[in-house]
Every structure is written in C-alpha cells, then in structure tokens.
Amino acid sequence: MGSYNSDGFYAFSPVTANDRAGILYVATILSLLFSVITLLVRWHIQRRTFGLDFWVIVAATIVGLGQYAAVFVGLDNYALGKAVSLMSESDQLNAARSAIASICLFIIANALSKCSVIFFMKRLFSTDNRTARILCNSLLGLVAVWTLASILALTITCGPSTKFALQDRCSGQITRWSLVATFDSLFEIAIFLLSIVLVVPLQMTREIKLSVVFAFSFRLIVAMFAIIHVYYVSQWSDSSDPGIATVYSLLWQQVELGYALMAATIPTLRSFVRAYEKAMGWESSYYIRNTNTRTANSTYQLSTMNKSRHEEEGVFGLQRETTCDKHPLRPDRPNYKAQIYGPGLNDLPENMPRRTKSNSSGGSEEPIIRKDVEIQVSSEAAH
C-alpha cells in the first residue's frame with residue numbers, strides 16, 4: 001500500500017497524478033471519526049431520555065459505517081481511487097461494486113438522519129398539536145419514498161460493468177443525481193421551514209423562538225453539500241478517466257454524509273432547547289434526574305417564603321420562594337400544605353398528594369409541553 005518518496009519519508013497512500021486514493025482515505029476517515037464522536041456526544045446528552053429520534057440516528061450511523069466500510073474495501077483491495085489504466089478488469093468490476101454499494105448506503109444513512117431530526121421535532125412540538133403530527137408524519141413518508149426512488153434511479157442501467165467504462169458510462173447519471181440532490185435539498189429546506197411554522201404560534205419570547213429555529217438551520221448546509229456533490233458527479237460522467245474523477249464525487253459524498261449525521265444532533269443540544277423547555281413548562285434536567293426515582297407516591301412539599309432568595313423548582317416549571325424572617329408578625333408560624341390533583345389519579349389515597357398527566361400523552365414518559373394542574377392550598381389557624 002504505502003511507499004517511500006524521494007525524501008525517504010513513508011507515505012501510507014501517496015497522491016500522484018494517477019493515484020488519488022489518499023485524498024479519499026483522509027475524507028472517509030475524518031467523516032467516520034466526526035460522525036461517531038457526535039453520536040457519543042448525543043448519547044451523553046440523552047443517555048436517560050432516549051427517544052425514537054436517538055435510535056434512528058444510531059441506525060443512520062450504523063448504515064453510515066457500512067458506507068465507510070464499502071469505500072475502505074474498494075480502496076484497500078480493488079484499486080479504487082486510481083486511474084483506470086492502473087486497474088485490472090477484475091479491479092474495475094470490484095471497485096465499481098464498492099462504489100455503488102457506498103452510494104446506496106449513503107442514500108439510506110442520509111435519509112435516516114433527516115428522519116431523526118423529524119422525529120425530534122415531533123417529540124418537541126406534536127404532543128398536543130395534531131397539525132404538527134400530521135406534518136411530521138407526512139414528511140417522514142415523503143423521505144421514505146425519496147429514499148427508495150433514489151436508490152432505484154441511481155442503480156438502474158448503471159451496474160458495475162459500466163461504472164468505469166470509457167464508453168456508454170452509466171447514461172443519464174447527471175439528470176438522475178440532479179433530481180436526487182434537488183429533493184435532498186428540498187427536504188432540508190422543508191425541515192427548516194417546518195420548525196418556523198411550528199415555533200411561531202407558540203407564546204414565548206422572540207429570542208427563544210430564534211434559538212430553536214437557528215438550531216434547525218444548520219441542516220441547510222447539507223443542501224449546499226448535495227449541490228457540490230452533484231457537480232463532481234457531472235465531472236465524473238464527462239471525464240476521460242472515471243477512476244480519478246470518482247475520487248472527488250465520493251469525497252463530497254463523505255463530506256455530506258458526515259455533516260448530515262452531525263447536524264442531526266445540533267438541535268438536541270441543551271443550549272438551544274433549554275429555554276424552550278422552560279417556556280413550555282418542563283425542564284429536561286429535572287426529567288433526567290428523576291426518571292428512575294419518581295413514582296406515584298412522590299410528594300412535593302412547599303417551603304416557607306423568603307423575599308431575598310429565589311429557588312427554582314423543577315416540578316411543572318414552577319418557582320417557589322423561601323423566607324427566613326427573623327421577626328415574624330405572629331408568634332407561631334403557620335403550616336402550609338399543598339395537594340395536586342389530576343385525571344386518572346382518583347384511585348390513590350385521599351390524603352396523598354398527586355401529580356397530573358396529560359390527557360393526550362397516554363401515560364408516556366416523554367416530556368410534555370402543557371400540563372393542567374389544580375393546586376389546593378389550605379392553612380390551619382394558629383391556636
């Protein structure tokens with residue numbers, strides 16, 4: 001594989017006029033590392049609140065690993081990245097198979113990254129919003145159709161025997177890739193516009209809305225990479241040496257896939273969604289701390305009041321104040337009791353504080369946007 005150059009330095013994959021495999025090695029390794037590291041970061045963020053969006057991005061990363069593996073197999077064993085003149089007939093055939101397999105896996109992984117973002121949007125916005133659910137589900141269906149249609153369009157009449165052929169090389173590939181990239185870009189724009197449509201009607205500050213929309217705007221860069229990718233596919237289609245030209249189309253394929261996997265995690269970062277969660281009445285940090293400990297018997301005791309210090313409560317997004325007045329107006333301090341009631345909890349003992357669940361949540365453990373809470377406060381007169 002490697003060799004020593006004229007200066008005596010060892011090069012793992014020398015880049016020459018007839019061998020550009022080293023460029024593809026670097027792009028693939030970096031894309032692989034960044035996508036895996038980003039998944040680990042997301043696991044750390046959501047490690048106790050795994051939702052469907054997390055498992056979908058895990059599936060996307062696994063498919064992406066298959067795409068990286070297909071490229072590495074072609075580079076290591078079948079002279080992928082070299083000029084056609086340096087390939088044997090069997091190498092051309094096997095390298096073409098590796099390239100086609102990587103393209104199919106790239107389409108699937110890219111589509112799954114979009115689905116992960118849509119599932120996250122559905123988790124944020126659609127708990128009590130029927131319109132949001134319909135829009136998200138419709139977009140998921142369209143992405144699924146696009147995935148299947150793209151794989152069929154790019155592989156029909158473009159088999160391994162024609163991938164590196166000097167004549168009759170996969171006819172119509174520019175048109176096909178242009179359609180695939182157009183819908184790829186349109187889906188990214190649709191995800192961004194959908195975030196605006198779902199956030200604007202909410203009653204919260206403009207800064208919070210902009211923060212949420214900004215988090216989803218990072219997906220638009222995927223559309224830019226898709227356009228660049230198509231440009232280099234067109235260069236491959238018209239090139240006199242498809243072996244060398246394939247390197248650059250596959251290179252931008254690695255860039256687009258790696259960024260698509262990373263951009264799916266950006267909206268989940270707490271710096272973007274924490275203010276939104278508070279405005280909606282639930283706090284992810286509270287949910288994480290109490291997922292494994294809260295039960296139906298949980299009680300919440302109100303403390304006494306304090307004018308000088310505020311303590312933020314994680315329960316229902318409320319705030320409480322505690323006081324330590326040195327000179328109270330009455331000789332004895334009144335005792336305060338609070339009880340919280342809600343539908344579906346009537347079977348609990350009468351004297352037990354209760355928590356409510358959303359009527360539309362179906363008992364789900366997901367963080368929800370709105371909760372109907374009735375608080376009854378009674379006081380006992382001092383004797």
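So here's what we get for this one:
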quantity: Lone qualifier among 224, 262 - being crowded, with 18+ Cβ neighbours inside 10 Å and not β-branched (Val, Ile, Thr); calculated: 262
quantity: In the stretch 50-70, residue farthest from the chain's Cα centre (by Cα) [restricted to those that are more than 24 Å from residue 27 (Cα to Cα) and surrounded by fewer than 16 Cβ atoms within 10 Å (Cβ to Cβ)]; calculated: 50
quantity: Whichever residue in the stretch 80-101 is touching a residue at least 60 places away in the same chain (Cβ under 8 Å), out of contact with any Gly (no Cβ under 7 Å at 6 or more places or on another chain) and under 14 Å from residue 163 (Cβ atoms) and, among such residues, is surrounded by the fewest Cβ atoms within 10 Å (Cβ to Cβ); calculated: 93
quantity: Sole exception among (1) over 27 Å from the mean Cα position of the chain (by Cα); (2) modelled with pLDDT under 85; (3) of a type in the set (Ser, Thr, Tyr) for residue 175, by number; calculated: (2)
quantity: Candidates 126, 113, filtered to the one that is modelled with pLDDT of 95 or more and closer than 30 Å to residue 204 by Cα; calculated: 113
quantity: From 195, 185, 234, 239, residue being of a type outside the set (Lys, Arg) and more than 26 Å from residue 261 (Cβ to Cβ); calculated: 239
quantity: Counted residues, the stretch 146-158 - those being in a loop (DSSP other than H, G, I, E, B) and surrounded by 14 or more Cβ atoms within 10 Å (Cβ to Cβ); calculated: 1
quantity: Qualifying positions in the stretch 171-209 - acidic (Asp, Glu) and surrounded by 14 or more Cβ atoms within 10 Å (Cβ to Cβ); calculated: 184, 188
quantity: Of the criteria (1) modelled with pLDDT of 90 or more; (2) surrounded by fewer than 20 Cβ atoms within 10 Å (Cβ to Cβ), which one residue 24 fails; calculated: (2)
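The values are calculated or read from the model by the stated rules, or taken from the named source; none is laboratory data. Just so it is clear, the structure is predicted and the values come from calculations on it, not from any experiment. Every residue, glycine as well, gets a Cβ built from its backbone with ideal geometry; the counts of neighbours run over all protein chains shown.
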